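Novice: Have a look at the structure that comes next, please.
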Amino acid sequence: MGERNRRTLWQRWVLQPQTVRLRRLVFQVHLWSGVTLGLYIFFISVTGSVLVYRNELYVAAIPEPMLSESPSPVLSDDELTDIAEGVYPGYRVTRFVRPGNPDEAVVIWLERGDDIEKRRFDPRSGRDVGSAAEIGVWLVTTLIDLHADLLAGPTGRKVNGIGAAAVLLSAGTGLVLWWPGIARWRRSLTLRRGVGWKRFTWDLHSAMGFWSFGFTVVFAVSGLYLCFPEYFHGFANWLDPPDPVGREFRLVDDVLAWLAYSHFGRINGIGLPCAGPGVCDQTTKAVWAVFGAAPAAMFVTGAIMWWNRVLKPWRRRASSASRRHRSSVGDG
């Protein structure tokens, strides 16, 4: 019996993982989970990276305040209501928002049946100065809803929770496949020069997967928590039952709070402007945005490898079989 056959499963895994049959099964799980969920992972990854900067996006989306230049006295709510309903016959004022600055344009909502008009009016002259429908804010809000709930409410959030579990599965199987053996593991951490583009794509996929693994796990676990908080709270209460008297501090509560904040890089409540304790700077958010996009980049490199290793040979075989079939029909 050869030395290779005398090695235990663990020894073969450490030295030559390519000889372990279980690794082939893990490869199939990783491959087909990526194929079936790749577009979803790409979408969640990209939108998540963008939403790291959602506070900045909100600020950019809010238009500059419109200030009145009229010397006339400030109009009352009733006067502005009459003016607005006169400008839009058949509409009825249903909402009235007067900012703290008396010179800033007043936002008035007018309704006629299912039709709603959101307009700004000069608080002194009563002139209609433009739409109050903030398209940018709506876009940011919709993007958040798309990322968190897939625009499907609680059902979409549950689907996202299942997706987060699938991301964990993909990351775990990917880490298993990354291990090249103890003699070559250092080479799998970097990109080699002078190799063909196919090998470069493999090296890029492998290295990105390793270096982003920790972040991907944080994103996936925190995503699971945001989608299924009741299970996490139940587990936390099982680990550390609440005191009937009501203790002020439980470590598990801090861990769960950190999970929620860490999903978008808001460590200890990072926001805009930065305030309070904890890591709170643009570097943190930039790191989160870059590593948040790693699953999307890995989907692209994985899709390229799948095309080269599976689809391209399959198309070649199918084309060859089709030509042989046509040739046999012609000969007949």
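Since every read-out is calculated from the coordinates, none of them should be taken as a lab result. Just so it is clear, the structure is predicted and the values come from calculations on it, not from any experiment. For neighbour counting, all protein chains shown are included, and Cβ atoms are generated from backbone atoms with ideal geometry for every residue, glycine included.
Novice: Using only the C-alpha atoms of segment 77-132, find the volume of their convex hull and express it per residue in Å³.
Specialist: Looking at segment 77-132, the number lands at 68 Å³ per residue.
Novice: May I pose another question? Angle check, please: helix 251-262 long axis (alpha carbons) against the longest principal axis of the chain (alpha carbons), in degrees 0 to 90, nearest 10.
Specialist: 80
Novice: Moving to a separate point now. With a 10 Å cut-off between alpha carbons and a GNM built on the chain, which of VAL310, VAL300, VAL26 moves the most?
Specialist: Of VAL310, VAL300, VAL26, the Gaussian network model singles out VAL310 as fluctuating most.
Novice: May I ask for the equivalent-ellipsoid semi-axes of segment 11-113, computed as the square root of five times each C-alpha gyration tensor eigenvalue and listed largest first in whole Å? Display every interim value, and only then the final one.
Specialist: Details: eigenvalues 807, 65, 13 Å².
Each semi-axis is √(5λ); the values are 64, 18, 8 Å.
Novice: If r is the Cβ-Cβ distance from VAL217 to THR8 and R0 is 22 Å, what FRET efficiency results, to the nearest 0.05?
Specialist: Calculated transfer efficiency: 0.15.
Novice: Please turn the phi angles of segment 209-226 into ³J(HN,Hα) values with the Karplus equation 6.51 cos²θ - 1.76 cosθ + 1.60 (θ = phi - 60°), one per residue in order, whole Hz, x for glycine and proline.
Specialist: So the J values, rounded to whole Hz, are x, 5, 5, 9, 4, x, 5, 4, 5, 4, 4, 5, 5, 5, x, 4, 5, 5.
Novice: With all distinct Cα pairs included, what does the Kirkwood hydrodynamic radius of segment 92-164 come out to in Å, to one decimal, could you say?
Specialist: After inverting the pairwise mean of 1/r, the radius is 14.7 Å.
Novice: Spin-label point model (7 Å from Cα, Cβ direction): what's the GLN18 to VAL287 distance in nm?
Specialist: 3.6
Novice: Taking Rh as the Kirkwood radius computed over C-alpha pairs, what is the Stokes-Einstein D of the chain at 25 °C in a medium of viscosity 0.890 mPa s, expressed in µm² per second?
Specialist: The diffusion coefficient I find is 97 µm²/s.
Novice: Give a residue-ordered list of calculated ³J(HN,Hα) values for segment 95-100 (Karplus: 6.51 cos²θ - 1.76 cosθ + 1.60, θ = phi - 60°; whole Hz; x for Gly, Pro).
Specialist: With the stated coefficients, segment 95-100 comes to 8, 9, 10, 9, x, x Hz.
Novice: Could you list TYR40, TYR225 so that the one with the fewest beta carbons within 10 Å of its beta carbon is first and the one with the most is last?
Specialist: Working: TYR40 17, TYR225 20.
The most exposed by this proxy come first: TYR40, TYR225.
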